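**Student:** Once you've had a glance at the structure underneath, I'll fire off some questions.
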Amino acid sequence: MQTEKIVIIGGGQAALSVAWYLMRAGLPFVILDDNEMPGGAWLHGWESLRLFSPASYSSLPGWLMPPSVSEGFPTRNEVVTYLTAYEKRYGFNIQRPVKVRTVERAGDGFRVVTDKGEWQSEAVISATGTWSNPYIPDIPGRDLFEGEQVHSADYNRPDRFMGKTVLVVGGGNSGAQIHAELSEVCNSTWVTQTPPGFLPDDVDGRVLFERATAIAQGKSEASAYSFANIVMVPPVRAARDRGVLHSRPSFKAMTRTGVIWADGTETQVDAVVWCTGFRPALAHLANLGVIEKDGKVAVDAIGRSLKAPRLWLLGYGDWTGFASATLIGGARAARDTARSIQAEFGERV
Ligand code: FAD
């Protein structure tokens, strides 16, 4: 059994952000990450995935992300390169690959059980993201379908769908981007529950974040722009200009060879790409009895568990800090997490 004051579970952008603040505060920690390499979820995104914002709006604390060398906003690989260099620069104690199987109460702290041994800690920060817990809706007949089904979490590039008939399901950015690139190589139909909303061409993550921050700080009324609407990144704009950026409402069931639409008509399809989102990856916390019916943990305003007060959650979305699933929002949330931990242990920055 190893001992460390704070165990951070997960080694993505959220973990690195809070690690920086803990390092600055002189609080000892270890990061346990089940990936083979640095980069968190960005290691698994599809090849053409880019940030919605320029590098200057996508930085972790202490060190700006270098500007993108390719045209446009930083690529997935540039984000991975930045995260890799970041953790090396600060020399964080990161153990990889280490999968945390379960966290249990032990005295005032925790016993963190992994596939590489156990850690005893006074506090735990869970920063495991959502990428490893993809969500697919329970559509009748889904198990019968003999074609290919892939979630966006495992989608990589369009080539393997070349010439096929494909349904892309999901009205968010993933669905729009994957449909946009598939529509160039195959017969792709975009399927959404409700008609998708699009942001103006000149509104990117930078504008969204500034507006949302102003609203959160009470400096602005409700914004016309929503994070729920689709950002018109170049491939999506190009699909619109080719006249293929339109969707049809969801199907009601699947068959061995295709889908049945609400009006009872059937379409034969080769593959379905589920761009239907993710749920927080929290299975390792199940034994603590903190996971609620909605699959989340009840937390205070900065993501501290109400039922296990030395457990903090970071990076899962607005419920663990405003915009905390983004690089810039996660960095702010991480500062609050670190302050809360310092207050708990009676130490100052
Ligand atoms: P992750 O990056 O998922 O890191 C969590 C780490 O924990 C992973 O390494 C995982 O393997 C590990 N882990 C999980 N379970 C365990 C366990 N039990 N034990 C040990 N390790 C574990 N964000 C932006 O900031 N800007 C953008 O423009 C942007 N665009 C996006 C576009 C799309 C289409 C999508 C889908 C996402 C986008 N995001 C963007 C969001 C971003 O990709 C993720 O929200 C972000 O990576 C979450 O960071 P994280 O550190 O919380 O989690």
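The values are calculated or read from the model by the stated rules, or taken from the named source; none is laboratory data. Remember, it's a predicted structure, so these values are computed and weren't measured experimentally. Using ideal geometry, Cβ is built from the backbone for each residue, glycine included, and neighbour counts are taken over all protein chains shown. The area values use the complete protein model at the heavy-atom level, side chains included, leaving out ligands, DNA and RNA. Shrake-Rupley method; radii C 1.70, N 1.55, O 1.52, S 1.80 Å.
**Student:** Applying the selection to region 225-282, what residues are hydroxyl-bearing (Ser, Thr, Tyr) and either within 23 Å of VAL207 (Cβ to Cβ) or assigned to a strand (DSSP E or B) (or both)? Reasoning before the result, please.
**Tutor:** Of the residues in region 225-282, the ones hydroxyl-bearing (Ser, Thr, Tyr) are 225-226, 247, 250, 255, 257, 265, 267, 276.
Selection gives TYR225, SER226, SER247, THR267.
**Student:** Next question, about the same structure. Restricting to region 171-197, name every residue that is open to solvent by 10 Å² or more (accessible area, probe 1.4 Å) and within 15 Å of the ligand (Cβ to nearest atom).
**Tutor:** First, the residues of region 171-197 that are open to solvent by 10 Å² or more (accessible area, probe 1.4 Å): 171-174, 177, 181, 183-189, 193-197.
Across region 171-197, the qualifying residues are GLY171, GLY172, ASN173, SER174, GLN177, GLU181, PRO196.
**Student:** Right, here's the next one. Out of all the residues in region 256-278, which are open to solvent by 20 Å² or more (accessible area, probe 1.4 Å) and either in contact with a His (Cβ under 6 Å, 6 or more places away or on another chain) or farther than 25 Å from ASP159 by Cα (or both)?
**Tutor:** Within region 256-278, ILE260, ALA262, ASP263, GLY264, THR265, GLU266 qualify.
**Student:** Would you say ARG24 is more than 11 Å from the ligand (Cβ to nearest atom) and either β-branched (Val, Ile, Thr) or open to solvent by 60 Å² or more (accessible area, probe 1.4 Å) (or both)?
**Tutor:** Details: more than 11 Å from the ligand (Cβ to nearest atom): yes; either β-branched (Val, Ile, Thr) or open to solvent by 60 Å² or more (accessible area, probe 1.4 Å) (or both): yes.
Yes; evaluated as a whole, the condition is true for this residue.
**Student:** When region 48-61 is examined, which residues are found to be within 12 Å of the ligand (Cβ to nearest atom) and either among the acidic types (Asp, Glu) or in a loop (DSSP other than H, G, I, E, B) (or both)?
**Tutor:** The first filter runs over region 48-61 and keeps only residues within 12 Å of the ligand (Cβ to nearest atom), leaving 48-55, 57-60.
Within region 48-61, SER48, LEU49, LEU51, PHE52, SER53, PRO54, SER58, SER59 qualify.
**Student:** Under the condition of being of a type in the set (D, E, K, R) and within 16 Å of the ligand (Cβ to nearest atom), which residue from region 282-329 is least open to solvent (accessible area, probe 1.4 Å)? Don't jump to the end; show me each part of the working.
**Tutor:** Going residue by residue through region 282-329, those that are of a type in the set (D, E, K, R) are 292-294, 296, 300, 304, 307, 310, 318.
Narrowing the set further to residues that are within 16 Å of the ligand (Cβ to nearest atom) leaves 296, 318.
Working: LYS296: 73, ASP318: 107 Å².
In this case the residue turns out to be LYS296.
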